[in-house]
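*Asks:* Before we start, here is the structure in question, set down as structure tokens.
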Amino acid sequence: MTAEAGSGVDPDSGFGAVGIDDDTRLVYRYVLAQGTVRVDDVVRDVPLEGTDASGMLARLRAAGLINRTSGGEGEYTAVDPRIALRALTERTETHLDRIRASIPDLADLFEQTADAGESAAGVHVIDDPALIGAWYTRLEHEVTAEFMAFDRPPYVLAGENPVEPLVLERGVLWRAVYAAEVLDRPGAWAEMRYAASKGERARIARTLPTKLAIADRRTALVSSTLDPHRPTAIVVEGGPLVDLLCAAFEAVWADSIEVPESDSLEGAAPPDRGPGKDDRALLALLGSGAKDETIARELGLSERTLRRRSADLLRRLGAANRFQAGAQAVRRGWI
């Protein structure tokens, strides 16, 4: 058994580093297996949906991995990967070396514009939205073991976070507590579900006092004001202040409602067999304090159906209100 097989790592998974996505990789393997292909062959034989086969062949050709014969109906032929891929990776390494060499100069340029007044050793006050966002992304890049976050409005970065999946791939434990008001934003529940599918552990709290990010229990970024027009944050590097923020996170985490692994209504358990997947999703959203219209939208239900399901859930739990339902669900081990 190879090292890749033993570790569960896909030996082809590194192609993204040289600009070849999963679909293009499938096309490349197809060309290697066939030797010579045309665009119509790829369209017919490779399972791609709504993807430009001609464009992918062109990218593989530009990378030097395949050739194209002359003529209007040109055919694409494979190049020996022992030669082509080695040349491609060497070119990529050269580009990476150039980027590494530019880091000191770029860092100096960043420091010249980063007007973050240092108020004490290891404590920086930042009042520029772009710099707050840059510090958050920096923590994501630097974290090696554990990332903790309070997520609530207002935001200085776009809703989608492309860095988090990369961090999770490195095996980092990522825990996030979301304020219930986050669910008022359309699509927020779907974003939570996507993050959870990538490995994020998430919970929902009725309220959160601030925005917070802590990397490896060493460096913290915490909002000191929540004015969307003039956000201010503090960076704390090490010491008892970071320990205090970690303790605050753990306290809120322990008192928050866990977001279930799935909100699918498929395979829901009958009432006499404990909670189904839909029950856990509904309990999490009810316990978060989200509005009925928000919960109905995120679960794809009408408000009438939501009220019926909520009433049935409370009846099964023997609860008179949402608070009692949450307590009974915890007692029974449902959430």
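The values are calculated or read from the model by the stated rules, or taken from the named source; none is laboratory data. Here the structure is a predicted model, which means the values were calculated and not measured. With ideal geometry, Cβ positions are generated from the backbone for all residues, glycine too; neighbour counts draw on all protein chains shown. Surface areas here come from the heavy atoms of the whole protein model, side chains and all, with no ligands, DNA or RNA. Shrake-Rupley method; radii C 1.70, N 1.55, O 1.52, S 1.80 Å.
*Asks:* Which residues, taken from the range 35-61, are farther than 14 Å from D22 by Cβ, open to solvent by less than 50 Å² (accessible area, probe 1.4 Å) and in contact with a Phe, Trp or Tyr (Cβ under 9 Å, 6 or more places away or on another chain)?
*Replies:* Once the filter is applied, which keeps residues that are farther than 14 Å from D22 by Cβ, open to solvent by less than 50 Å² (accessible area, probe 1.4 Å) and in contact with a Phe, Trp or Tyr (Cβ under 9 Å, 6 or more places away or on another chain), the range 35-61 yields V37, V39, D41, V42, L57.
*Asks:* Of a type in the set (A, V, I, L, M, F, W, C), at pLDDT 70 or above and within 26 Å of the chain's Cα centre (by Cα): which single residue out of L286, L314 fits that description?
*Replies:* L286
*Asks:* Taking the options G74, G64, name whichever one is open to solvent by less than 100 Å² (accessible area, probe 1.4 Å), within 15 Å of F15 (Cβ to Cβ) and in a loop (DSSP other than H, G, I, E, B).
*Replies:* After applying the criteria, what remains is G64.
*Asks:* Does any residue of the range 227-244 turn out to be surrounded by fewer than 21 Cβ atoms within 10 Å (Cβ to Cβ), modelled with pLDDT of 80 or more and polar (S, T, N, Q)?
*Replies:* yes
*Asks:* Looking at V182, V177 in this structure, which one is at pLDDT 80 or above, touching a Lys or Arg at 6+ places or on another chain (Cβ under 8 Å), assigned to a strand (DSSP E or B) and surrounded by 13 or more Cβ atoms within 10 Å (Cβ to Cβ)?
*Replies:* Testing whether each residue is at pLDDT 80 or above, touching a Lys or Arg at 6+ places or on another chain (Cβ under 8 Å), assigned to a strand (DSSP E or B) and surrounded by 13 or more Cβ atoms within 10 Å (Cβ to Cβ) leaves just V177.
*Asks:* Does the range 167-174 include one or more residues that are touching a strand residue (DSSP E or B) at 6+ places or on another chain (Cβ under 6 Å) and in a strand (DSSP E or B)?
*Replies:* Yes, the conditions are met somewhere in the range 167-174.
*Asks:* Mind checking which residues of the range 210-237 are under 28 Å from P165 (Cβ atoms), in a loop (DSSP other than H, G, I, E, B) and not basic (K, R)?
*Replies:* T210, D216, L226, P228, P231
*Asks:* Sticking with this structure for a sec: Taking the range 115-166, which residues are within 20 Å of G187 (Cβ to Cβ), charged (D, E, K, R) and at pLDDT 75 or above?
*Replies:* Matches in the range 115-166: D151, R152, E164.
*Asks:* Can you pull out every residue in the range 19-34 that is hydrophobic (A, V, I, L, M, F, W, C), in contact with a helix residue (DSSP H, G or I) (Cβ under 8 Å, 6 or more places away or on another chain), assigned to a helix (DSSP H, G or I) and crowded, with 16+ Cβ neighbours inside 10 Å?
*Replies:* Residues satisfying the conditions are V27, V31.
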